[in-house]
Number of protein chains: 6
Amino acid sequence: MKTVAVRNIERANTDTVEALGVLGVATVHEAQGRVGLLKPYMRPIYPRSRIGGSAVTVLAQPGDNWMLHVAIELCKPGDVLVVGCTTDNSDGMFGDLLATSCLARGVRGLIIDAGVRDVAELQDMGFPVWSKAVSAKGTVKNTLGAVNVPLVCAGQLISPGDVVVADDDGVVVVPRRNAESVRVSAQSREDNEASKRERLAAGELGLDMYNMRPRLEESGFIYLESVSDLED
Amino acid sequence: MKTVAVRNIERANTDTVEALGVLGVATVHEAQGRVGLLKPYMRPIYPRSRIGGSAVTVLAQPGDNWMLHVAIELCKPGDVLVVGCTTDNSDGMFGDLLATSCLARGVRGLIIDAGVRDVAELQDMGFPVWSKAVSAKGTVKNTLGAVNVPLVCAGQLISPGDVVVADDDGVVVVPRRNAESVRVSAQSREDNEASKRERLAAGELGLDMYNMRPRLEESGFIYLESVSDLED
Amino acid sequence: MKTVAVRNIERANTDTVEALGVLGVATVHEAQGRVGLLKPYMRPIYPRSRIGGSAVTVLAQPGDNWMLHVAIELCKPGDVLVVGCTTDNSDGMFGDLLATSCLARGVRGLIIDAGVRDVAELQDMGFPVWSKAVSAKGTVKNTLGAVNVPLVCAGQLISPGDVVVADDDGVVVVPRRNAESVRVSAQSREDNEASKRERLAAGELGLDMYNMRPRLEESGFIYLESVSDLED
Amino acid sequence: MKTVAVRNIERANTDTVEALGVLGVATVHEAQGRVGLLKPYMRPIYPRSRIGGSAVTVLAQPGDNWMLHVAIELCKPGDVLVVGCTTDNSDGMFGDLLATSCLARGVRGLIIDAGVRDVAELQDMGFPVWSKAVSAKGTVKNTLGAVNVPLVCAGQLISPGDVVVADDDGVVVVPRRNAESVRVSAQSREDNEASKRERLAAGELGLDMYNMRPRLEESGFIYLESVSDLED
Amino acid sequence: MKTVAVRNIERANTDTVEALGVLGVATVHEAQGRVGLLKPYMRPIYPRSRIGGSAVTVLAQPGDNWMLHVAIELCKPGDVLVVGCTTDNSDGMFGDLLATSCLARGVRGLIIDAGVRDVAELQDMGFPVWSKAVSAKGTVKNTLGAVNVPLVCAGQLISPGDVVVADDDGVVVVPRRNAESVRVSAQSREDNEASKRERLAAGELGLDMYNMRPRLEESGFIYLESVSDLED
Amino acid sequence: MKTVAVRNIERANTDTVEALGVLGVATVHEAQGRVGLLKPYMRPIYPRSRIGGSAVTVLAQPGDNWMLHVAIELCKPGDVLVVGCTTDNSDGMFGDLLATSCLARGVRGLIIDAGVRDVAELQDMGFPVWSKAVSAKGTVKNTLGAVNVPLVCAGQLISPGDVVVADDDGVVVVPRRNAESVRVSAQSREDNEASKRERLAAGELGLDMYNMRPRLEESGFIYLESVSDLED
């Protein structure tokens, strides 16, 4: 591994990042063609947060949070810390002191493919975290990793400056260069859903709204009148 | 697989289904002889829901929610959608649009051995879900499955029309024909627990209330006075 | 296994136990040198409980809660029930009746490397539980285990009378003899953190506060100006 | 649970059962429409066994193998013991003594959604097992279960007398009444595969043999000449 | 954690240790009352090894094998290295170089609640390992742990000098002081099994040999003649 | 997702690829700085294969192997098929027919973050596979994915043309451009290990060979003479 930190990274347009955060994970994920979703084991430590931000990436070693300290210096307001690990690890690499430091610098939240501690305090501070585990196990500062390099976090490639969106449905990454086009598609998708929602609420069926009946029939799908017809 | 949907299924008596829902999972499970409990990885997406309903069953393919659209047409007020999958899959097969459609038709909730998305919206709508995972990953509508056939969901056989009870303790299925007799046993069990609860609250021990001391002694169980006696 | 129960165990000083409970898991774990933390799969059934208590230990057989009844008689006010199992098991060994009995005797909570049921009722009663699973599956009373013997629970050795501290970050055990010295270290650690928190909140970096820059440099850590420098 | 054993069960035709065993899991599973496959965590304890047999089913309690003794009396030559458990359990419910008893009665193998022990001895005896775990933990004989009732084993419903086929690819169940028709389809499928195998070995592509190119094109699939075209 | 190594440990009698190794895991585990079995995820990296040895214990940090080097100096011929970790970790802490060193000092094998690498080479060298994972990920030598302290490995307390027995069924630990008495019980158990095996091979049923029929009847177990009787 | 296939990819020098295959996973992984190792759940379906090859990458949908057929046409002799999936899936996407086709085109093996079937036949054919699961569950050809795009497989980014090395220790990827420099480092590392192996075989300790004693002492590591000194 190149044990380095990159000081300056490019970020997407601030308004775009904010807008993606508001649109939310499910809509953004659909809008960019169903790619970029982190594995579903990444869960929020408390409900009802929704953030969008620019990724400052950290590649950490198991049981070691040295690189998180390096990363915080490189964060700007609106950033999100994204921590991958060189191997599966659930240690509590981040707690209320690091969160205090993050808040002081305008960091919006943490995405960590490892553990987090002080979760009650983090909720009281309003600092949202999506993690693989909650664990009080503290970590050492002995082995170098890297900051602001491309890395894999929970199954997705994330590069520094990519947009990260997180809410109760999980976490999705949008490559920085696609951020604005994904925002446009996501907004259009959301506008489109409102009318669908109305029609469904009025009792219209998805079968009809999406015109699925002909394709079901072509595919050979059969309706039986009762369970007893199954036996034949 | 027979790629079919059964239009008409028999359901248990409405009052029975309601009553089972009120009695709750733990009591119903005990009352029917400790069978029918789905695996404990099935968890509610938000706390404090408690439902009973008649199962409309869906056998889905991984990453494909086509059959859910077929199923909703076949639901009646008071039903619960029960989704099994032909293989382990955590994709978000169900979100707020499908929930809107379900609510419009009086469906009480969803039991899905896969993933669900839009969980904050579902909570706001008051549509409860018990699932294996939360995932924003959307699904295609390309491969046929089946609706209203008997299937295995989270380790239990569920037939269309069976009664499904779900609360914070998980999900239990009651075969349709046994619903009323299980309700009677469960009610009697609950009545009986009230007096037990009082006695225990007053300080009586389970050891005495259940008369366990003689059987402990017969089994050769020994009381030592202190930890140092362990060494001997 | 010696199928025995030990009636009388030594406990740590009451004030010490209380104080450790207030200090919380993360601080106590750090203060005793990062040992004693139970595996992070042990999660609270509802948020925001924080307890300290003296362990009454139970070694149970899979699917069998007989020994829990034996243990409750041996509990004193301020105790915490700690249940290990001879093999991995998620059955609901404990529910609202046992919790009623525990509350009647002043037991503060339950740590169980297995399942628990009636979780909504337990929350309403204010009886906190940290468990591996939530499961409505009831258990038999057929096979002997042991009470108040040293055992392994979720990866940690726990002896009867050890102090158990549990909160939203998990569960940690402190050997009885070390309880007071750990309390002193933990208190001093907490006092120390307040000033660190202030400095970090004021924008000082961990890099500077902990004087990490020289060691980073000695270790060969390199700062690059931009991502494009990575390619070289 | 009904704590019963059924003495007499119907079995499929012996020649059909043998033939299904020879055809193997992958072919039989395809031939019956891709249903009936047990979850892939069921693995053989040693490689290169391939069996077909009639299921004698056992519903066991966690940590308890009492019902296996009951079941062996009801086995006939050519049967396969199929063990489900009322909850997830990895204990070693079966070892060389039970295998000796099975061999004496002509039982062909064991499918167990739990653990097995003495695996080296079982291999030396030529008694194949497909299990969830290998574990030396012995079990008690204290709690009743059931024998020859329909049950769910590793995610599939299995009724007594159903045909079970197992090899290095896993385990599949064929409902007794479908056994002969599945055998016919499976044989025809296998005959058909020989010619496909020859054509593929000669260098013909699946794309051509299955005529996939037109459907790829209709679906909008695009070929690019080089990776650099991805960026556009 | 006390970051120490203990130079001199007591070991059980050599003949006793050897005999326990020959008796094997399943027999030894039963003979000492079904305690001491490590979790079944501990698997041999190649089949058909069977060892008994005295434990030299290592408490390692995640991703760090420094303490293994410390431990090897303290090993004597007939010892087995037993490695626990302060948190779940699958890194390859041990490979062919350490195995060469172990063989040079007469170490019989490795039990590691983490990963191992060079597994083909280890098999060729005849150095058996039971581990949680196989992983080529190398480890650093940066953070202190401890050697020859009591620790928990894969769910069991192991003290330096305890006897460790491992074979294809897994790993069991026998406290040093109990080693000879367990050997005696295990030998007697094995002698006893030979006659049981003969009787079972001759067709006698466990139901009769263990006289289970009366207890089945007392427990209310019922035999039905056919599956159709289940419906009643 | 861009549903495309890239026809022409660049590959590393043939001799380099071969040499990396011979050097093996553990050595290559170390030589490139401990990056690029796939998660350790990727296991060979049979022991003692060791391959190096150029990656032809496939991004598949769950339960769907359509893209594998597309990919085989684009393979050249010496290539390795690398299959990632858009979500966790264990279905058997690959069996003996596809292996026949692969062998006909000179493909050296398969790395698949999903399932594989016909594993006995694949071993007989000498076609090695590293997979997450073995499963007989066949797959459909209904939903487009992509071929020869960069993807994440078992936690690592793999681009088409990267070198993949696999053996009993797992799977590692080497970026195409680094292949030759990694080969040089790996070869030098292996040369260096021979002399270390000799010294260790002769009884020299790693503690001395790596000069660890001074650093242990500086770090505050303490040697005690006996376990009883631990209590102090």
Mind checking which residues of the range D:174-194 are among the hydrophobic types (A, V, I, L, M, F, W, C) and open to solvent by 60 Å² or more (accessible area, probe 1.4 Å)? D:184
Within the bounds of the range E:167-180, is there any residue that is part of a helix (DSSP H, G or I), among the acidic types (Asp, Glu), within 11 Å of chain D (Cβ to nearest Cβ) and within 29 Å of the chain's Cα centre (by Cα)? no
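One line per residue, one yes/no per condition, for (1) within 14 Å of chain F (Cβ to nearest Cβ); (2) among the β-branched types (Val, Ile, Thr):
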| residue | (1), (2) |
| --- | --- |
| B:3 | yes, yes |
| B:40 | no, no |
| B:47 | no, no |
| B:51 | no, yes |
| B:60 | yes, no |
| B:63 | yes, no |
| B:66 | yes, no |
| B:69 | no, no |
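Conditions (1) farther than 25 Å from residue C:121 by Cα; (2) touching a residue at least 12 places away in the same chain (Cβ under 8 Å), marked per residue:
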site	(1), (2)
C:15	yes, no
C:21	no, yes
C:32	yes, yes
C:45	no, yes
C:53	no, yes
C:62	no, yes
C:67	no, yes
C:72	no, yes
C:75	no, yes
When residue B:16 is run through (1) buried (at least 24 other Cβ atoms within 10 Å of the Cβ); (2) under 30 Å from residue D:61 (Cβ atoms); (3) polar (S, T, N, Q), the failure sits at (1)
Any residue that is among the aliphatic types (A, V, I, L, M), open to solvent by 10 Å² or more (accessible area, probe 1.4 Å) and in contact with a strand residue (DSSP E or B) (Cβ under 6 Å, 6 or more places away or on another chain) - is there at least one of those in the range A:82-104? no
Output the qualifying pairs, or none if there are none: Cβ atoms under 8 angstrom, residues six or more apart or on different chains, first residue in the range E:116-127 and among the aromatic types (Phe, Trp, Tyr), second residue assigned to a helix (DSSP H, G or I). E:127/E:99; E:127/E:102; E:127/E:103
Just to be sure, is residue A:79 of a type in the set (D, E, K, R), open to solvent by less than 20 Å² (accessible area, probe 1.4 Å) and farther than 14 Å from residue C:26 by Cβ? yes
Could you figure out which of (1) under 20 Å from residue C:118 (Cβ atoms); (2) facing chain C (nearest Cβ under 9 Å); (3) touching a strand residue (DSSP E or B) at 6+ places or on another chain (Cβ under 6 Å) isn't true of residue B:205? (3)
Look through the range A:208-228, keep the residues that are more than 7 Å from chain B (Cβ to nearest Cβ) and among the charged types (D, E, K, R), and return whichever of them is farthest from residue B:150 (Cα to Cα). A:208
Would you mind telling me which numbered condition in (1) within 14 Å of chain C (Cβ to nearest Cβ); (2) part of a loop (DSSP other than H, G, I, E, B) residue D:35 fails? (1)
Count, please, the residues in the range D:181-217 that happen to be farther than 30 Å from residue D:162 by Cβ, of a type in the set (Gly, Ala, Ser) and assigned to a helix (DSSP H, G or I). 3
Could you tell me whether residue E:7 is touching a residue at least 12 places away in the same chain (Cβ under 8 Å), of a type in the set (Lys, Arg), open to solvent by 10 Å² or more (accessible area, probe 1.4 Å) and in a strand (DSSP E or B)? yes
When the range A:167-206 is checked residue by residue, the ones that are of a type in the set (A, V, I, L, M) and out of contact with any Asp or Glu (no Cβ under 6 Å at 6 or more places or on another chain) are A:171, A:172, A:174, A:179, A:182, A:184, A:186, A:194, A:200, A:201, A:202
Looking only at the range F:41-76, which residues are aromatic (Phe, Trp, Tyr) and open to solvent by 20 Å² or more (accessible area, probe 1.4 Å)? F:41, F:46
Can you find a residue in the range B:89-96 that is over 30 Å from residue A:35 (Cβ atoms) and either facing another protein chain (nearest Cβ under 8 Å) or of a type outside the set (A, V, I, L, M) (or both)? no
Name every residue in the range B:200-232 that is open to solvent by 70 Å² or more (accessible area, probe 1.4 Å) and of a type in the set (Phe, Trp, Tyr), in order of residue number. B:210
Looking at the range D:127-152, which of its residues are closer than 22 Å to residue E:43 by Cβ and not hydroxyl-bearing (Ser, Thr, Tyr)? D:127, D:128, D:129, D:130, D:132, D:133, D:134, D:136, D:137, D:138
Going by the structure shown, is residue F:140 open to solvent by 20 Å² or more (accessible area, probe 1.4 Å) and among the hydrophobic types (A, V, I, L, M, F, W, C)? yes
All but one of (1) at the interface with another protein chain (Cβ under 8 Å from one of its Cβ atoms); (2) buried (at least 17 other Cβ atoms within 10 Å of the Cβ); (3) closer than 22 Å to residue F:30 by Cα hold for residue F:197; state the number of the condition that does not hold. (2)
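The values are calculated or read from the model by the stated rules, or taken from the named source; none is laboratory data. This is a predicted model, so every value here is computed, not measured. Here the Cβ is made from the backbone with ideal geometry for all residues, glycine too, and neighbour counts use every protein chain on show. Keep in mind that these areas ignore ligands, DNA and RNA; they rest on the heavy atoms of the full protein, side chains included. Shrake-Rupley method; radii C 1.70, N 1.55, O 1.52, S 1.80 Å.
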